[in-house]
1. Explain nothing, just the number: relative contact order of the chain, from Cα pairs under 8 Å at least 6 residues apart, as a whole percent.
2. How about the chain: what cysteines have no other cysteine beta carbon under 4.7 Å from their own?
3. Cα-Cα over 26 Å: which of Lys403/Lys501; Lys360/Lys501; Lys19/Lys428; Lys204/Lys501; Lys19/Lys94?
4. Please give the FRET efficiency for Lys19 paired with Glu321, using the beta carbon to beta carbon distance and R0 = 30 Å, rounded to the nearest 0.05.
5. Rounded to the nearest whole Å², what accessible area per residue is found for the chain with the 1.4 Å probe?
6. When you count, for each residue, the other Cβ atoms within 10 Å and take the mean per peptide, how do 135-142, 302-309 rank with the highest first?
7. Could you derive backbone 3J(HN,Hα) for the range 289-296 from the dihedral phi with the Karplus parameters 6.51, -1.76 and 1.60 (θ = phi - 60°), listing whole Hz in sequence and x where the residue is Gly or Pro?
8. With both bridge residues required to lie in the range 1-140, what share of the DSSP beta bridges run antiparallel, to the nearest 5%?
Amino acid sequence: MYAKTFGASTQGVDGLIIKVEVDSANGMPSFDVVGLANAAVREAKERVRTAIKNSGLRLRQEKITVNLAPAEVKKESSGLDLPIAVGLLAAQGKVPSDNFEEFIFMAELSLDGKLCAVDGILPMTVTARNAGFKKIIVAQDNVNEALLVENIEVYAPQTLIELVEFLQGEFELQPATPQSVEEPENFIEIVDDFSDVQGQFMAKRALEIAAAGGHNVLMVGVPGSGKTMLAKRVSSILPELTHEEALEVTKIYSVAGKLKRNGGLITQRPFQHPNHDASTAAIIGGGPIPKPGQVTLAHHGVLFLDELPEFKKSVLESLREPLEERQITVSRIGGTLTFPSSMILICAMNPCPCGWYGDKDHDCHCTPLDIKRYTRKLSGPLLDRIDIHIRVPRVKYDELTSKRKAESSATVRERVSAARNIQLERLKKYNLFCNAQMNHAMLRELCHLTPEAEQLLKDVFEMKKLSARSYDRIIKVGRTIADLDGGADLINSKHISEAIKLRNDLDFEIK
């Protein structure tokens, strides 16, 4: 007998509907799964058969064939356990299959028949809703995630036998409601605040501009100058995620398996801080079936690369595409997928191997060859994609011991949010969020300079022999400075002058 159910898998950061066809017929007893299933899906037959037995149900010994369509796409989700089990029971007449067209099943099965949570529920539920499904069956630990999607009923039976009785009409299963998540007792959240950083006013100003416009930053300074401390506080001055941004981030973390069980919408901007020995696949994504990397996990947030020259050159060069296109395309044997990567890149490095080059109070023992070898991984094309280059000097004793309270993150965030609101209004017809996302055509339409600013930029462009990309990025930073200055329609020479200073502060060090 033949039966058909529907499940889902993930493809990149989106869902993919899987049609599960089950045929149970006379013949030599066997259980075959076809349709480019990976090891986790092929092993489903053992989990399904044992879960059905331990649920008190008896299967006939027949030749069982399970086909997962579309056949040309690799499937890797253990969440296909449940649609396979329900399809097998329907094929053997244990449950009616006349109303399966409105159901989609997404759960792993334990050997005792309990429904277990799987990754990627949010994008799969969005895809199911858009495909016209009315009801979704998930494990209880996936309820909060599934309920983020409107206009689809969520059901969460505890066991397979409970689901079978529901499908048979013998048990009334109510639509799921949000599940409470217990917080640890005596939990105290430690919040990094800009007021913790003494001095470094220029660096703070640069990071405020970066946060307001979504610009990339390179900080170069001696050891202990506060580069890491500053970078870790950038998230605290970023505006709150919009609902659309929060959904995108939550989908990514759901697919990557980094969303807490029974977790809901992610409301804080991501901050990713990979170690300098991270591989290219870890940074940009990879695996037999590509999974999101650090550049995607930092989407709408911050990617912080500390000790930048210590990263492999291949890793650094792989950042060119996500920095320019704000997405990354990963090609593997298992497929070619595109992941979003619209993040702020914050980089930090010492000026030389010993760290003291350029510091008047410490002797640098590095030779010019040592310094050249240290910085050679930082190619011109990569540095050209970083909007702001700043020096972070050693903090003076008087600044470090000052009792004067530094400006808090909340105060800076108000200015950043005001500037972002101006940008949202300006860029809404393009569905963009910040100035850094504009392309050259948008710059010509939206970023107009005063005659004095144009002349200043022309003079610097010709004197410094800047690239076209540098030209665009100076204007973008200038536009952000103008937005922080009240959103002036025209970018004036003061705004462009500051943008140029932030762009060229390290010319003598990186060449």
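The values are calculated or read from the model by the stated rules, or taken from the named source; none is laboratory data. Remember, predicted model here, so these are calculated numbers, not experimental data. No Cβ is skipped: glycine too gets one built from the backbone with ideal geometry, and neighbour counts run over all protein chains shown. Ligands, DNA and RNA are excluded from the accessible area calculation, which covers all protein heavy atoms including side chains. Shrake-Rupley method; radii C 1.70, N 1.55, O 1.52, S 1.80 Å.
1. In percent, rounded to a whole number, it is 13.
2. Flagged as lacking a Cys partner: Cys116, Cys347, Cys354, Cys364, Cys434, Cys447.
3. Values: Lys403/Lys501 30 Å; Lys360/Lys501 22 Å; Lys19/Lys428 38 Å; Lys204/Lys501 15 Å; Lys19/Lys94 20 Å.
Over 26 Å apart, Cα to Cα: Lys403/Lys501; Lys19/Lys428.
4. Values: r = 34 Å, r/R0 = 1.14.
It comes to 0.30.
5. On the way: 23450 Å² over 511 residues.
Counting only protein heavy atoms, the per-residue value for the chain is 46 Å².
6. On the way: 135-142: 23.6, 302-309: 21.4.
So the order, starting with the most tightly packed, is 135-142, 302-309.
7. Using θ = phi - 60°, the values come out as 10, x, 10, x, x, 5, 5, 7 Hz.
8. Numbers: 19 of 29 bridges.
Of the beta bridges lying entirely in the range 1-140, close to 65 percent run antiparallel.
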